[in-house]
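All remarks here apply to the structure that follows.
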Amino acid sequence: MKIPFSLTVNGKPVSTEIEPRALLVEFLRGPLQLTGTHVGCDTAQCGACTVLVDGKPMKSCNMLAIQAQGANVTTIEGLAQGDALHPMQAAFRKHHGLQCGFCTPGMVLSAVGLAGQVKQPSEAQIREALDGNFCRCTGYHNIVKAVQEGLADMTA
Amino acid sequence: MTDTTVREKPASAAPQRATKPGGPIGARIERKEDARFLTGAGQYTDDVALPHQTYASFVRSPHAHARIRALRVDAAKGAPGVIAVYTGADIPQSVGGLPCGWLITGSDGKPMKEPKHPILAQGKVRHVGDPVAIVIAESAAQAKEAAQLVDVDYEALPAVVDVRDAMRKGAPAVHDEAPDNVCYVWALGDKAAADAAFAKAAHVTTLQLVNNRLIPNAIEPRACNATYSRADDSYTLYVANQNPHVERLLMTAFVLGLPEHKVRVIAPDVGGGFGSKIYLYAEETVCVWASKLVGRPIKWTAERGESFQSDAHGRDHVTRAELALDKDGRFLGMRVQTTAAMGAYLSTFASCIPTILYATLLAGQYRTPAIHCEVTAVFTNTAPVDAYRGAGRPEATYVVERLVATAAREMGIAQDQIRRRNFIREFPYATPVALTYDTGDYEACLDGAMKLADVAGFAKRKEEAAKRGKLRGLGYSSYIEACGLAPSNVAGSLGARAGLFEAGEVRVHPTGKVTVFTGSHSHGQGHETTFAQVVAGRLGIAVEDIDVVHGDTGRIPFGMGTYGSRSIAVGGTAIMKAVDKIVAKGRKIAAHLMEVSDADVEFADGKFTVKGTDKNVPFAQVALTAYVPHNYPLDKLEPGLDETAFYDPTNFTYPAGTHICEVEIDPQTGETKIVAFSACDDFGNIINPMIVEGQVHGGLAQGIGQALLEACVYDRDSGQLLTGSYMDYAMPRAADFPSFRVDTRVTPCTHNPLGVKGCGEAGAIGAPAAVINAICDATGAKDVAMPATSERVWRVVRENQGRA
């Protein structure tokens, strides 16, 4: 039995029907083919599936799609404005804050979600704030630098 | 302090080609691949959707060791959406087991034991997660639900998961072919000479060490999508893999018996490997086999729990090590006895890790004249163990650097002094354990690391910490690694069943744009940028005009893939050799165009110039001429500008460096903080310092993770995997590390044209010993087991009151 489902994804309205048990990440990666959102653990620890739901970072492997009924969802595909990278994406590129790229979409969206929480967060605060996102490649060093600059550029 | 200073060694014999100041080589160029990764446009295996694809779920053993009495699949076959269910009984006799690529011959002259590794369990299961059946359905959810309906009647058998238990008399045998669980006993070095060194020693340091088992945990789980085409009787396999040609060769020639040219393996964007995606695994092999029967693509993506249970693990050594010294702290000899876990089956390169990539590194950076090492490899009822970032070399460094640091403390010699007294200073240097180091400057890296770590200010920091009731310690680790695998003839004489060369093709298009095809595979290393820089530097064209293609047996001539920090040293050199051919042919074309002899033409800055004149033709014009050969020496030269080269190195490369860790410990809780970590490494010439630093950072995080956080734990009685999720396995997070201090020194490799050595594993190799040495320095303990959890550190603090 499918149920009606409407929401906005990356600024575009979507109206469809879904299986009640479909996870948000399954809906994004499957029917919408937004494969930039990744699944690393299916248990809400690694953070690769992080998307913004009404501006807040959420682990899309750990919520039902239907919980996003009527919500405004932003995935990594919706962050750049045309060819212009979002300041956080640009900072990740500049500081080599990504290697294999698999954790990157979730990491970038978690970082974007930090904006406005603390003004000019310290390195330690950023490290604590990234608690829900694993990266196995970078040792986090360049991610922290990127997030620091990305947050500063977002408020500039 | 992450700026890279390059100290040139003027006397080096290494060619310094194409390192023009201001050119792309040596520049911090932002990565080409980032554009897609940052915008969600990457294509990882699970992103590949093939028309009419089906979904697979594997039924896995819940037991560490059991006999399969009966297997009933009817209920699963009748479940909604199910297309097929296959078990070990369905696999034809003609299908082989998963092969091991390295034959180790034991000290007794006999070959290692190689029990069959079936692609689906036959009769017995031998570790938790051993695949028993595959269920293929219309959706992933239906496959998973039906898999739960497969009814397996197991007779549980006693299991062994710890190498010490596996060696005990009467221990349960993992395989009937190895009743004592021993795969091989192998030795390297001169035992009599080592014994003689110990007989005359003024001091002997002895350590019992455990190198903890790790689970690689690339964030992208393993995945595949296999399809069969009736049109030309061919298969295509998308797979998260580090070396698609090797995957294809092993799968077709040794397991499925398919014609190699009828199988195309594509490893698209791969989300980290760290060794764990080198191997040929059962899952993708079963999917390829079943894809013809099903007649539709079969897609499988591991859940994280499956990754924990079935990815090849790393390390898992138990070692007794001794160092003999004279009264001045000069090393006289070393004896090492190691028991290494193989797991339940021999993974693709399992056998060479604790032997060829371990014992050969026990000389470290030192002139230890006599070394003997004996390795016993044993089967256990666990996931297979194979290469994980560093692969044997972290284990060797851990032995050497724990011994050196402990000996220094026991003898009252400063940590830097004992190292300086024993450093190798003349090159080439033949070690007593089979390697010949071509070049290095170990003292330069030691000095560099001490400067980064502000060793001079440590006493003050320790005093200040003591006022706050905290313990501070400094730990050194001067590691060496053998990378750039490897001269094929040497590897072959040591048991390798494969060549270890690399292939590169450089295709110049008519407009002068270039596509490079490399047998190396990038899964985070940034080859698309680094290799483009190398080619751009040599051809004098823009980095943007060069694309690098990797990971596809259908497009790339051949390749041995990426492991052992070999990509730039071997893969990069193969590309350079192909570029040399391009330039050589281009010179002939240019000579014809300028009506001079070939010998009068030189190539630099993207132009072919008549020597001593300013008469020239640009590279792009030569390229166009090659494809529009109207004015062309067709009698002497083929048209086109596309060259392939295979490169087989003449020696390993030897990156080396010193890492210094500073810890602060709360003696009340045992909580250990890395307050600073400094790494000064010599990777030879560096193509892109930004990427190299990133590689070092990542390696350090894995090395520190091993030392402080990570451990794969199986229950010693039941054989159950206790660390089977991220709730139990301590993956390092951002807050577990400080910012790293990294720097480099340069002695160019003497035997490849780029003078490069490789940088991918250094951090993971050097860091564990530095961390543990720091904890021992802070607490006065002789040893603390990895991972040095708060509880373990708290205990050693109590046991060693007043010794620090």
P(r) over all Cα-Cα pairs of chain B, 20 Å bins from 0 to the longest distance, whole percent per bin, short to long, reads 16, 47, 31, 6, 0
What the 5 Å binned alpha carbon P(r) of segment B:412-455 shows, as percent of pairs per bin from 0, is 5, 20, 22, 22, 16, 10, 4, 0
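Given +1 on the Cβ of Lys and Arg, -1 on the Cβ of Asp and Glu, and no further charges, what dipole in debye does segment A:87-155 carry about its Cα centre, rounded to the nearest 20?
Details: 6 positive and 5 negative charges, 32 e Å.
Taking the Cα centre of segment A:87-155 as origin, the dipole is about 160 debye.
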Rg/Rh over Cα atoms for chain A, Kirkwood Rh, comes to 0.98
Once the mean of 1/r over all distinct C-alpha pairs in segment B:501-647 is inverted, the Kirkwood radius in Å reads 15.5
Between B:SER107 and B:ALA430, the FRET efficiency computed from the C-beta separation at R0 = 25 Å comes out, to the nearest 0.05, as 0.65
So the FRET efficiency between B:LEU637 and B:ALA542, C-beta based with R0 = 25 Å and rounded to 0.05, is 0.40
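Scanning chain A for trypsin sites (Lys or Arg not before Pro) in DSSP loops with at most 11 other Cβ atoms within 10 Å, what's the longest stretch left with none?
Details: sites that count: A:LYS2, A:ARG21, A:LYS119.
With trypsin sites (Lys or Arg not before Pro) excluded where exposed in loops, chain A gives A:22-118 as its longest stretch.
Given Cβ point charges of +1 (Lys, Arg) and -1 (Asp, Glu) and nothing else, what value in debye, to the nearest 20, does the dipole of chain A about its Cα centre take? Spell out each step's value before the answer.
Working: 12 positive and 12 negative charges, 20 e Å.
Its charge dipole is roughly 100 debye.
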Here segment B:354-510 gives, from Cα atoms, an Rg and Dmax in Å of 20.1, 72
Summing +1 per Lys or Arg and -1 per Asp or Glu among the other residues with Cβ less than 15 Å from B:ASP326's Cβ gives +2
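Could you please rank B:ASP90, B:ASP326, placing first whichever residue has the fewest other Cβ atoms within 10 Å of its Cβ? Numbers along the way, then the final one.
On the way: B:ASP90 17, B:ASP326 14.
Ordered from fewest to most neighbouring Cβ atoms within 10 Å, B:ASP90, B:ASP326 come out as B:ASP326, B:ASP90.
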Farthest towards the positive end of the dipole of the protein assembly as shown, among A:LEU23, B:TYR358, B:VAL784 and with Cβ unit charges of +1 on Lys and Arg and -1 on Asp and Glu, lies the Cα of B:VAL784
The ³J(HN,Hα) series, computed from each phi in segment B:730-741 with the Karplus coefficients 6.51, -1.76 and 1.60 at θ = phi - 60°, rounded to the nearest Hz and given as x for glycine or proline, is 7, 6, x, 10, 4, 6, 7, 10, x, 5, 8, 9
Between the modelled labels at B:SER139 and B:THR650 (7 Å from Cα along Cα→Cβ) the distance in nm is 6.2
What the Cα atoms of segment A:87-155 span along the principal axes, largest first and in whole Å, is 30, 22, 17
The answer for the per residue Cα convex hull volume of segment B:622-681, in Å³, is 209
Magnitude of the Cβ-charge dipole (Lys and Arg +1, Asp and Glu -1) of segment B:233-353 about the Cα centre, nearest 20 debye, reported as 100
The percentage of Cα-Cα pairs in segment B:244-314 separated by more than 15 Å is 60
Candidates A:HIS141, A:HIS95, A:HIS86; GNM for chain A (alpha-carbon contacts under 10 Å) flags as most fluctuating A:HIS141
Dividing the surface of the Cα convex hull of the protein assembly as shown by four yields a projected area in nm² of 41.0
At q = 0.12, 0.18 Å⁻¹, the log10 of I(q)/I(0) for segment B:221-368 from a Debye sum over equal Cα scatterers comes to -0.62, -1.04
Pseudo-spin-label distance B:ARG320 to B:ARG555, built 7 Å along Cα→Cβ, given in nm, is 5.5
If the chain between B:ASP328 and B:GLU595 were fully extended at 0.36 nm per residue, the gain over the current Cα-Cα distance would be 89.1 nm
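What's the local net charge at B:ILE765, with K and R +1, D and E -1, over the other residues with C-beta under 11 Å away? Show your work: numbers first, answer last.
Numbers: positive: B:ARG389, B:ARG393; negative: B:GLU395, B:GLU401, B:GLU481, B:ASP681, B:GLU761.
The answer is -3.
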Across the alpha-carbon set of segment B:174-272, Rg over Rh with Rh taken as the Kirkwood radius works out to 1.24
Per the 1/(1 + (r/R0)^6) rule, R0 = 35 Å and r from the Cβ atoms of B:LEU50 and A:THR155, FRET efficiency to 0.05 is 0.20
Counting only DSSP loop positions in segment B:94-144, the trypsin sites (Lys or Arg not before Pro) whose Cβ has at most 14 other Cβ atoms within 10 Å are B:LYS116
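For B:ASP153, B:ASP454, B:ASP441, what ranking results if the residue with the fewest other Cβ atoms within 10 Å of its Cβ goes first? Please list the in-between numbers first.
Values: B:ASP153 11, B:ASP454 16, B:ASP441 19.
Listing B:ASP153, B:ASP454, B:ASP441 from fewest to most nearby Cβ atoms yields B:ASP153, B:ASP454, B:ASP441.
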Checked against the positive end of the charge dipole of segment B:375-425 (+1 on Cβ of Lys and Arg, -1 on Cβ of Asp and Glu, about the Cα centre), the farthest of B:GLY412, B:PHE379, B:PRO394 is B:GLY412
In whole angstrom, the spacing between the Cα centers of segment B:540-584 and segment B:317-365 equals 34
A convex hull over the alpha carbons of segment B:453-576 yields, per residue, a volume in Å³ of 191
Stretched fully, the stretch from B:ASP195 through B:LYS262 gains (0.36 nm per residue minus C-alpha distance, one decimal, in nm) 18.6 nm
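Determine by what factor the alpha-carbon radius of gyration of segment A:3-78 differs from 2.2 N^0.38 Å, reporting the quotient. Spell out each step's value before the answer.
On the way: Rg = 11.0 Å, N = 76, 2.2 N^0.38 = 11.4 Å.
Output field value: 0.96.
How many percent of Cα pairs in segment B:82-231 exceed 17 Å?
Numbers: 8791 of 11175 pairs.
The answer is 79 percent, as a whole percent.
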Given the candidates B:VAL150, B:VAL128, B:MET167, the one whose Cα lies deepest towards the positive end of the charge dipole of segment B:105-172, counting +1 at each Lys or Arg C-beta and -1 at each Asp or Glu C-beta, is B:MET167
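Every number in this text was worked out from the coordinates using simple rules, so none of it is lab data. For clarity, every value in this text was computed on a predicted model and none was experimentally measured. As a convention, Cβ positions derive from the backbone with ideal geometry for all residues, glycine included, and neighbour counts pool all protein chains shown.
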